[in-house]
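K.L.:
Dumping the structure here so I can ask a few things about it.
The values are calculated or read from the model by the stated rules, or taken from the named source; none is laboratory data. As the structure is a prediction and not an experimental result, all values here were calculated from the model. Neighbour counts are summed over all protein chains in view; Cβ atoms, including those assigned to glycine, are modelled from backbone coordinates with ideal geometry.
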């Protein structure tokens, strides 16, 4: 019977992978393109709400059937025809491993490399011992995981578990057990524990994340660098003062603790160091945290509400912050919060402005619209799942971005520069769309399986002399996954006067452009004034993506004098700021920051041997309000100077 089920799910999985059409929300994308163009020059709200002073991705639990749907003919199955398998010679498994029906897999003192999932089901058991190594040969975060269902168990003693330099995941359901003693995890690990499951970690020097929820039982003994996400769901109440995270003799979170009710789980820490306390809240909870240091504050946002946040930023002390969510009470008193994570799901519509956050992922049919914000990536990803939609504009990401399932991630005027070690590649997975308008990437995004990436960018100068033939520089291309039939169709380039709004064709081409000349604009006979350039890219399904850029026709006075674009004039946002600001200039610019006494406090950026070759690309530099030694600077006015152009603007730091 199990084999029949495996075969059926294989057929279903194959059918979904080879489907060729991606849901493309054209109306939302057109609206986002126009809104991004309109808001390009908008300023930050002058009257922030009163809560302005101064995460980890938790996807929905998979079922055993969903896990089995990844079955292929190359998989290793233990518990059907083989009851017990002992691996005592180095072995590479190019495919999944399923251990089920009381089957046992033992890896003894050798390396097992796996390019696939490890699924342990129905009383199955996996044991690593005597210096064994379990190596996941994976490319991106979350590609392969250990999954436990139905009273199964995973035991690692004196072993190593690594994930090829990216994050490792493990997930427990249905009364399963996960035990690791004296085991080395070189890569950051995230474990999710559900449904009366048990986890015991002992003498682990690099634990990583864990989601503590449902009725699970977790005990950590003599461990280091752990980040427990303590979940508070509907009906949960707590008034907490966490101990010093650097050294914890004993800490327990359970309903037996005074002031705590409705959580269901038991979480115990004994003789551990670097306990990075983190919080995950759901609607219906009531939570107060006092005099504590919180590494992560994760807000799950289900429902059908429209929610807005402004100015909530990472790395801040909050004397009295009540998070503006109407469906729960979440309050931080005299508490320092490192990272904020936001997770809109179901039908929530979420608006964010001028924030700094660690992670944001939309799922289900939720929408998120973020402007003038920074994804610092400390708690990993900016991404979309399921059928959700996210628009992220006029900001920056310091980590990777990803889209999954049938979702759409729209980026406009965003710089993506991965800083954290988790992952440096940007990927569209499954039937999702990653749509990039006027963006700059350290590593260009690409598509896997049936994913789709579309890219439209106009990078030309903002001031042009009338009476010239001016090349319009930019990008117009797409990348479709290997199982997609979508191809690049064409792009069209237009100009219009802002007075008339009537569009005139500059160029129409069926050739992809990866940063080059899109067309030549003949400005003979045109008057000085303001104009708009429009670039529209189409794919073979008739879906389109549009970029705009405003330009000025003005007599420069000196023939052929190069004029620096507005990026070279620099912009800073938010301004004022209280933890991070984004300085937008040009690649290679050298930025120096001075206090009002004229003392240099910080240098940013890097020199460029040929700055004229780089002036078409906007460049984002992040300043954290610290000096050259890493010391936090006090509130005040600071002068931001571009040493290449000698232009200076003021930034206001408010602590």
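K.L.:
Can you tell me which residue within region 622-640, out of those that are in a loop (DSSP other than H, G, I, E, B) and modelled with pLDDT of 80 or more, is nearest to residue 580 (Cα to Cα)?
P.N.:
Step one: list which residues in region 622-640 are in a loop (DSSP other than H, G, I, E, B), which gives 624-625, 627-631, 633-635.
Adding the requirement that they be modelled with pLDDT of 80 or more leaves 625, 627-629, 631, 633-634.
Numbers: 625: 6, 627: 13, 628: 15, 629: 17, 631: 14, 633: 12, 634: 13 Å.
Across region 622-640, the extreme among qualifying residues is 625.
K.L.:
So, residue 89, is that one assigned to a loop (DSSP other than H, G, I, E, B), surrounded by fewer than 17 Cβ atoms within 10 Å (Cβ to Cβ), over 29 Å from the mean Cα position of the chain (by Cα) and at pLDDT below 95 or not?
P.N.:
In short, no.
K.L.:
Taking interchain pairs and intrachain pairs at least six residues apart, which have beta carbon atoms under 7 angstrom, with the first residue in region 286-309 and not assigned by TED's automatic domain parsing to the domain that holds residue 336 and at pLDDT 95 or above and the second surrounded by 23 or more Cβ atoms within 10 Å (Cβ to Cβ) and outside any strand (DSSP E or B)?
P.N.:
Close Cβ pairs satisfying both conditions: none exist.
Quick grid of which residues meet (1) farther than 16 Å from residue 359 by Cα; (2) crowded, with 22+ Cβ neighbours inside 10 Å; (3) within 11 Å of the chain's Cα centre (by Cα):
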| position | (1), (2), (3) |
| --- | --- |
| 402 | no, yes, yes |
| 405 | yes, no, no |
| 437 | yes, yes, no |
| 449 | yes, no, no |
| 463 | yes, no, no |
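K.L.:
Next up: Take residue 488 and tell me if it is under 26 Å from the mean Cα position of the chain (by Cα), surrounded by 15 or more Cβ atoms within 10 Å (Cβ to Cβ) and more than 23 Å from residue 36 (Cα to Cα).
P.N.:
no
K.L.:
Report yes if residue 369 is assigned by TED's automatic domain parsing to the domain that holds residue 338, surrounded by fewer than 24 Cβ atoms within 10 Å (Cβ to Cβ) and under 15 Å from the mean Cα position of the chain (by Cα), otherwise no.
P.N.:
For residue 369, the condition - assigned by TED's automatic domain parsing to the domain that holds residue 338, surrounded by fewer than 24 Cβ atoms within 10 Å (Cβ to Cβ) and under 15 Å from the mean Cα position of the chain (by Cα) - is met.
K.L.:
Just checking, which of 518, 505 is exposed (fewer than 15 other Cβ atoms within 10 Å of the Cβ) and either in the same structural domain as residue 442 (by TED's automatic domain parsing) or touching a strand residue (DSSP E or B) at 6+ places or on another chain (Cβ under 6 Å) (or both)?
P.N.:
Criteria check complete, one pass: 505.
K.L.:
Is it the case that some residue within region 227-242 is modelled with pLDDT of 95 or more, assigned to a loop (DSSP other than H, G, I, E, B) and in the same structural domain as residue 109 (by TED's automatic domain parsing)?
P.N.:
Taking every residue of region 227-242 in turn, none turns out to be modelled with pLDDT of 95 or more, assigned to a loop (DSSP other than H, G, I, E, B) and in the same structural domain as residue 109 (by TED's automatic domain parsing).
K.L.:
Separate question: Restricting attention to region 188-211, and to residues there that are part of a loop (DSSP other than H, G, I, E, B) and within 17 Å of residue 157 (Cα to Cα), which single residue is farthest from the chain's Cα centre (by Cα)? Spell out how you get there, then give the answer.
P.N.:
Step one: list which residues in region 188-211 are part of a loop (DSSP other than H, G, I, E, B), which gives 188, 194-197, 203-207.
Among the residues that remain, those that are also within 17 Å of residue 157 (Cα to Cα) are: 203-207.
Values: 203: 31, 204: 27, 205: 26, 206: 23, 207: 21 Å.
It comes out as 203.
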